[in-house]
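Questions regarding the structure given below will be posed in turn.
Rule-based calculations on the coordinates, nothing more; no lab input. Predicted model only: the values in this text are computed from it and were never measured. Ideal geometry is used to build each Cβ from the backbone, glycine not excepted, and the neighbour counts take in all protein chains shown.
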Amino acid sequence: MDNSKWPARAVLPVAQPGLKFIFTAILITGVLFYFEWVLVAWISLAACLFTCWFFRDPDRDTPMDEKSLIAPADGKVIIVEKLEKCEYLPDPCIKVSIFMNVFNVHVNRAPFDGMVQKVQYNSGKFINASFDKASIHNERNALIVKTGNDARFAVVQIAGLIARRIVNCVKEGEMLKKGDRYGMIQFGSRLDLYLPQDFKVAVSIGDKTKAGSTVIGYMK
């Protein structure tokens, strides 16, 4: 897991953690063309373009009203359920899970204003992230956040079958603003939200989300 500070976005709309992959792909492609290994070079160019596209980091219009909580990730809602207990909050809660495939934007954003009370990292397996047991068994990194109204929620980055690199760039005690970029999971995975039991959910299973703009629901 990488927990270095989240850098400012480059002039180009790509996530900074992806620049080393992009530059490496460009270098390899240039070398292949230089030595006239044409077929392999064109394949490498295609891979280079895909890498640039994968690490895209578009701006988003974030709803700034006081109560809306927004999606931390692009993807599809695969779970909306009530839990009597969970690993991250002391009281019953609501769980919303978003599955990210390889074609989604992978930059993660803060879903709501608050202070990071705890950063909890768990090493683990790399089960397909669409399976519910991934929430328990896979490598994951959780932020437990306290809002200005003393409510608490957790947002959990979960590694998947292919995704093996969780990037988290915030520390305990830091303040987050709704829509802030705070990390990413490279090459697809899942994010789980654990929300207060009085949270009003505004999404259903199968809904598509965009990080920083889709409203998941409303805090009390």
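Measure of size requested: the Rg and Dmax of the chain, with Cα atoms as the atom set and Å as the unit; please supply both.
Here Rg and the maximum Cα pair distance are 18.2, 63 Å.
Relative contact order (percent) for the range 68-218, with alpha-carbon contacts under 8 angstrom and 6 or more residues of separation?
That works out to 36 percent.
Let me ask you something else. 7 Å from Cα along Cα→Cβ at both GLN197 and GLU81: what's the point-to-point distance in nm?
Inter-label distance under the simple model: 1.7 nm.
If packing is taken as the mean number of other Cβ atoms within 10 Å per residue, what is the order of 68-80, 37-49, 142-154, highest first?
The peptides rank, most packed first, as 68-80, 142-154, 37-49.
Quickly estimate the mean residue ellipticity at 222 nm for the chain, helices only: each DSSP H run with n ≥ 4 gives -39500 (n - 2.57), and the total goes over all residues, rounded to 500.
Helix contribution divided over all residues of the chain: -5500 deg cm²/dmol.
Let me ask something else about it. Just subtract the alpha-carbon distance of TRP53 and PHE21 from 0.36 nm times their residue separation and send over the number in nm, one decimal.
10.4 nm
In terms of Cα to Cα distance under 17 Å, which aspartates and glutamates are near enough to LYS171, apart from those fewer than 8 places away along the same chain?
ASP2, ASP113, ASP180
If you don't mind, another one. If you take the C-alpha gyration tensor of the range 27-122, multiply each eigenvalue by 5 and take the square root, what semi-axes do you get, largest first, in whole Å?
Over the Cα atoms of the range 27-122, the ellipsoid semi-axes are 41, 16, 13 Å.
For ILE28 and ALA46, compute 0.36 nm times the residue count separating them, minus their Cα-Cα distance, and round to one decimal in nm.
Contour length minus Cα-Cα distance gives 5.3 nm.
What is the magnitude of the charge dipole of the chain about its Cα centre, with +1 placed on the Cβ of each Lys and Arg, -1 on the Cβ of each Asp and Glu, and no other charges, expressed in debye to the nearest 20?
120 debye
Still on this structure: Report ³J(HN,Hα) in whole Hz for each residue of the range 80-88, in order, from the Karplus equation J = 6.51 cos²θ - 1.76 cosθ + 1.60 where θ = phi - 60°; Gly and Pro get x.
Values, residue by residue: 9, 7, 8, 10, 6, 7, 8, 6, 10 Hz.
Can I ask one more? Looking at the chain, send over the antiparallel percent of its DSSP beta bridges, to the nearest 5.
So the antiparallel bridges amount to about 95 percent of the total.
Relative to the longest principal Cα axis of the chain, at what angle does helix 38-54 sit, 0 to 90 degrees, rounded to 10?
With both axes taken from Cα atoms, the answer is about 20 degrees.
May I pose another question? Relative to the longest principal axis of the chain, what angle (0 to 90°, nearest 10) does the C-alpha long axis of helix 19-34 take?
Here the helix axis deviates by roughly 20 degrees.
Further question: Straight distance only, please: which lysines reach the Cα of LYS210 with their own Cα at less than 21 Å, same-chain residues fewer than 8 apart left out?
Partners found: LYS67, LYS76, LYS95, LYS177, LYS178, LYS200.
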